[in-house]
Amino acid sequence: MEAAEKTKSTKTPKGEQTKALILDSALDLLRERGYEETTMRAISRQAGVSLGNAYHYFGSKEHLIQAFYQRTHEEHLNAVLPALKKETSLKARLLTVLRLKISTLEPYHEFAGVLFKTAADPHSPLNPFADESTPTRRDSIRLFEDLVADTKARIPGDLRAELPYLLWLYHMGVILFWIHDSSARRARTYRLIDQTVDLLDKLVSLASNPLMRPVRKRALKLVAELRDVG
């Protein structure tokens, strides 16, 4: 059964408050103890609910982490969608998405470092590339699809089809850099975003040049092969 099916969806305000309380309590404990040392019993005790009630909303710790992924994605969407309406260029839209991704993630910086120890394992269900992470990964890629679809940039058709996935991979790399960034106010991460977005914008513009078509085709073929392997 998929993670989304195992995690109960409750429509009542009280139910949503209880879910949020359990998730917040889990994040506090996971930050303090790490993933392996945090149990569902300890989470339920921290939240002040019964163990059965905790399992009613979240079938396991893995489901709690998937709920955390979804929460951060929704917080990002709430911040980025109004801002994107003001931008039309690829560069401006990508800068908006990346900068707001980091600012909305910032409250979780300490926890992200703790979680990374487990999520970095290729076999972990918490890995962003794992099957269990498919719903949030799909929603995140859809944001980049909208980013590309609504831009006025001139993008070759074959590149336009693959660009959302490539931009999603790029943004995952930025998040990894942010996790390890200890600079004040994550200045190094924001500098990385500014410089690499400018570079990407220039590369996309160059891709429209007819002389670049063989290189573009070769690069996209490689991307397709790597996705098949995954």
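For the chain, the solvent-accessible area of protein heavy atoms averages 56 Å² per residue (probe radius 1.4 Å; ligands and nucleic acids excluded).
Within the accessible area of the chain, the carbon and sulfur atoms contribute 55%, probe 1.4 Å, all protein chains present. Here the Kirkwood formula, the inverse mean of 1/r across different C-alpha pairs, assigns the chain a hydrodynamic radius of 19.3 Å. When Rg and Dmax are taken over the Cα atoms of the range 143-230, they come to 14.7, 44 Å. Using the Cβ-Cβ distance between Asp150 and Arg45 with R0 = 45 Å, the FRET efficiency computed as 1/(1 + (r/R0)^6) comes to roughly 0.45.
Near Thr88, once Lys and Arg are set to +1 and Asp and Glu to -1 for all other residues with Cβ below 11 Å from its Cβ, the sum equals +3. The Cα atoms of the range 92-212 give a gyration tensor whose axes a ≥ b ≥ c have a/c of 1.5 or more with a/b no greater than b/c, which makes the shape oblate.
Between Lys221 and Asn127, full extension at 0.36 nm per residue minus the direct alpha carbon distance yields a gain of 31.3 nm.
Which entries of Lys91/Lys221; Lys19/Lys101; Lys85/Lys152 have Cα-Cα distances beyond 21 Å here? In this structure, Lys91/Lys221; Lys19/Lys101 lie more than 21 Å apart at Cα.
The values are calculated or read from the model by the stated rules, or taken from the named source; none is laboratory data. Predicted, not measured: the structure shown is a model, and the values here were computed from it. All Cβ positions, glycine included, derive from the backbone under ideal geometry; neighbour counts span all protein chains shown. In case anyone asks, the SASA skips ligands and DNA or RNA and just uses the protein heavy atoms, side chains included. Shrake-Rupley method; radii C 1.70, N 1.55, O 1.52, S 1.80 Å.
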